[in-house]
């Protein structure tokens, strides 16, 4: 599995489209995601930016907010977190393979139409060879350095609301087989009040090979100091 900073041709960005998911902040969220897409497009040195909108209305709003040259696609999506609902792209020699993992709404918390199918749909549209994995994994629950080292939290990957029949050893085996991860750093809890049950991308990120960046708690009374 390549690292976050590895060269890539394109990026998919989910566009807030559902009033049920976002409520009153929907318009502000749309403006902020559009600004993010514009920033990626401006600095991407030719990287293609695809904004995925969940309705015709949302696609029209996105078209008014994003720069020309950004591709807008209307597809059924629930929430915007394509890192979690989308496939994970891995390399096997010259082959690029989309690993399509199961998704259950972050442990059953949310059930939005399209979240379980958008990964396969996007991978197929891009022409990736696709392999279906028979267990649940969100992209935000792991982070990698591109050389076989990964970090995760037990809080999320060993949570019974994801894969209740898989123990730690089974998870490690599947990560090795599906993503080429041969070394795994297990952290304990994720951030306090995190509805993802402790995604590592909220807590620690690799910044280069064998180097990981973590935040520091704001004193002993910060509930996240222990994490």
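The values are calculated or read from the model by the stated rules, or taken from the named source; none is laboratory data. None of the values given here were measured: they were computed from a predicted structure. So basically every Cβ, Gly included, is an ideal-geometry build from the backbone, and we count neighbours across all protein chains shown.
Take the residues in the range 173-201 that are within 15 Å of residue 138 (Cα to Cα) and not in a loop (DSSP other than H, G, I, E, B), then tell me which one is nearest to the chain's Cα centre (by Cα). In this case the residue turns out to be 201. Against the test of being out of contact with any helix residue (DSSP H, G or I) (no Cβ under 6 Å at 6 or more places or on another chain), in contact (Cβ under 8 Å) with a residue 12 or more places away in the chain, closer than 26 Å to residue 210 by Cα and surrounded by fewer than 22 Cβ atoms within 10 Å (Cβ to Cβ), the options 171, 136, 97 yield a single qualifying residue, 97. When the range 175-190 is filtered for residues that are at pLDDT 95 or above and either within 19 Å of residue 224 (Cα to Cα) or surrounded by fewer than 18 Cβ atoms within 10 Å (Cβ to Cβ) (or both), the ones remaining, listed by number, are 176, 177, 180, 182, 183, 185, 186. Considering (1) in contact with a helix residue (DSSP H, G or I) (Cβ under 8 Å, 6 or more places away or on another chain); (2) surrounded by 16 or more Cβ atoms within 10 Å (Cβ to Cβ); (3) at pLDDT below 95; (4) farther than 30 Å from residue 177 by Cβ, the lone condition that residue 77 does not fulfil carries the number (4). Exactly one residue out of 28, 83, 99 is part of a helix (DSSP H, G or I) and closer than 30 Å to residue 159 by Cβ: that is 83.
When you check residue 50 against the structure, is it out of contact with any helix residue (DSSP H, G or I) (no Cβ under 9 Å at 6 or more places or on another chain) and under 25 Å from residue 19 (Cβ atoms), yes or no? Here the answer is no, as residue 50 does not meet what is asked. Which is more than 20 Å from residue 144 (Cβ to Cβ) and either over 19 Å from the mean Cα position of the chain (by Cα) or modelled with pLDDT of 95 or more (or both), of 93, 119, 54? It is 54.
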